[in-house]
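The values are calculated or read from the model by the stated rules, or taken from the named source; none is laboratory data. Predicted, not measured: the structure shown is a model, and the values here were computed from it. Because the Cβ atoms are built from the backbone with ideal geometry, glycine has one as well, and the counts that use them run over all protein chains shown.
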């Protein structure tokens, strides 16, 4: 046995205690490690174990083995905080007293332990919302499914996707969008029971499961309650934000008993909810799985079509009926499918856009339209080309750069390109005005497509740098037999003239509609009566005839 003097000169924390935990001796380093001012102060208190069972386990093991190495123990410091220490211990037999003492050295590993805990936490949690991530969620779901097999407690998995969040993200900016995601996570946590589990997967996708979810009725109630919670306006940074969500539900009792399968099936059902109009929930069924496989095959085909050059542009004229001249041609995307023939964008674009291919397609469309317009210009054919932008692409931060690149690469005069933005894309008038102004600075012309179908008001439109409005076909179709639609069409024409904008009527399909519009001073029209979309080569013949 060493003396107290020997303990005092050690540079590491050393101590001696009984197997019952009574501290017999220690050095100053031991006192410092635990936050005491001196060895004497610590001796008066002794080593305080965070868990009393640790001392019992160590005492038992030291009696049996005689030596213990790298034992990690939690001790209490003087201030009550925890010090994690690594101990190397040996048994000392006291023959005169027929007792066993424990003698050891210990090292402070608190920082390493905290760092390891932080690393482990980050590995299993989303850093933005602090919710469990996919890895931890799958682990918990597997545990719940194992319990289901033993006790017959079915599990329901819900996958929630915030509708059109990518548009909001671009409109609000990353900082506000992140705060909104945290607010969504907090609200979802408040709607679930403590025993249920919620996680964030990626972006705006949240997933959770509930126990005893085998009843479709119970799951439907939970899903609707969740949708109602999401639909309640959020206040983020003084800004009121309204959201909707789409939920897919998969039941362990009916659909699968494996975590990955249930998550996959709930995702499939969620996409079906979006197809049905969003702000809905849908239960998974086998038919959905088949549709999902079709969807994946379609996305793969679109990706190959981009790589193989299977897309082409057709152009529909906008005609000034007073002069008979083509004032502009609108570009329409077509897919020359090797098996299905010519396919319109309604058959593939929304699916491709959901899969993240919208940007590539838009780049190609803008580039192709600019090249075609430049080619016509070089041939002496002066005709403006209009390109339609989806709501999602209109709200991307890179849009102006995409347009500028298409113009620069082709060498096209900017005013020979007109961009058409759907009226419904302009719901956030302030944000929309900023985007339109950025596009205007590129030098292109701007048109509001499907005007009257929703979005900004007439008053808001006055503040936007818009050159043309295009009256939505639904008003043109009904204006002759419905007085209210006729009044709307007249108001649009009058407003456009008052704002010194061009006005184009879309969807003109009869001579009667043409005459009606012409009598109301709308001279530029577009529709099947005046010409269907044609390949560039066919339309070029018509354009050459008027030059």
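Some points to look at:
- Filter result (touching a residue at least 40 places away in the same chain (Cβ under 8 Å), loosely packed, with under 15 Cβ neighbours inside 10 Å and within 30 Å of residue 175 (Cβ to Cβ)) within the stretch 236-277: 237, 239, 244
Let's see how each residue does on (1) farther than 25 Å from residue 177 by Cα; (2) buried (at least 16 other Cβ atoms within 10 Å of the Cβ); (3) outside the structural domain of residue 25 (by TED's automatic domain parsing):
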position	(1), (2), (3)
93	yes, no, no
101	yes, yes, no
105	yes, yes, no
108	yes, yes, no
122	no, no, yes
139	yes, no, yes
143	yes, no, yes
146	yes, no, yes
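- Criterion (crowded, with 16+ Cβ neighbours inside 10 Å and under 26 Å from residue 395 (Cβ atoms)) met by exactly one of 347, 310, 318: 318
- Here the condition is being surrounded by fewer than 16 Cβ atoms within 10 Å (Cβ to Cβ), modelled with pLDDT of 90 or more, closer than 26 Å to residue 204 by Cα and not assigned by TED's automatic domain parsing to the domain that holds residue 168; of 408, 360, 415, 336, it holds for 360 alone.
- Residue check for residue 68: assigned by TED's automatic domain parsing to the domain that holds residue 13, in contact with a strand residue (DSSP E or B) (Cβ under 6 Å, 6 or more places away or on another chain), part of a strand (DSSP E or B) and closer than 17 Å to residue 30 by Cα: no
- Residue satisfying condition, being within 22 Å of residue 349 (Cα to Cα), touching a helix residue (DSSP H, G or I) at 6+ places or on another chain (Cβ under 7 Å), assigned by TED's automatic domain parsing to the domain that holds residue 155 and not in a helix (DSSP H, G or I), within set 257, 279: 279
- Any hit, the stretch 307-323, residues being in contact with a helix residue (DSSP H, G or I) (Cβ under 6 Å, 6 or more places away or on another chain) and farther than 28 Å from residue 529 by Cα: no
- Criterion violated by residue 221 - all others in (1) within 25 Å of residue 193 (Cα to Cα); (2) outside any strand (DSSP E or B); (3) without any contact (Cβ under 8 Å) to a residue 24 or more places away in the chain; (4) within 20 Å of the chain's Cα centre (by Cα) satisfied: (4)
- Test: residue in the stretch 43-54 that is closer than 30 Å to residue 206 by Cβ, surrounded by fewer than 16 Cβ atoms within 10 Å (Cβ to Cβ) and within 57 Å of the chain's Cα centre (by Cα): no
- Pick from the stretch 377-391, criterion at pLDDT 95 or above and touching a helix residue (DSSP H, G or I) at 6+ places or on another chain (Cβ under 6 Å), ranking: nearest to residue 332 (Cα to Cα): 387
- Qualifying position, being over 25 Å from residue 242 (Cα atoms) and either surrounded by 22 or more Cβ atoms within 10 Å (Cβ to Cβ) or out of contact with any helix residue (DSSP H, G or I) (no Cβ under 6 Å at 6 or more places or on another chain) (or both), among 205, 195: 195
- Near pairs, Cβ below 8 angstrom, 6+ apart or cross-chain, from the stretch 527-547 (free of Cβ contacts under 8 Å to residues at least 40 places away in the same chain and assigned by TED's automatic domain parsing to the domain that holds residue 384) to any residue that is surrounded by 12 or more Cβ atoms within 10 Å (Cβ to Cβ) and part of a helix (DSSP H, G or I): 529/513; 529/514
- When the criteria are applied in full, residue 118 fails the requirement of being surrounded by 13 or more Cβ atoms within 10 Å (Cβ to Cβ), more than 13 Å from residue 260 (Cα to Cα) and free of Cβ contacts under 8 Å to residues at least 60 places away in the same chain.
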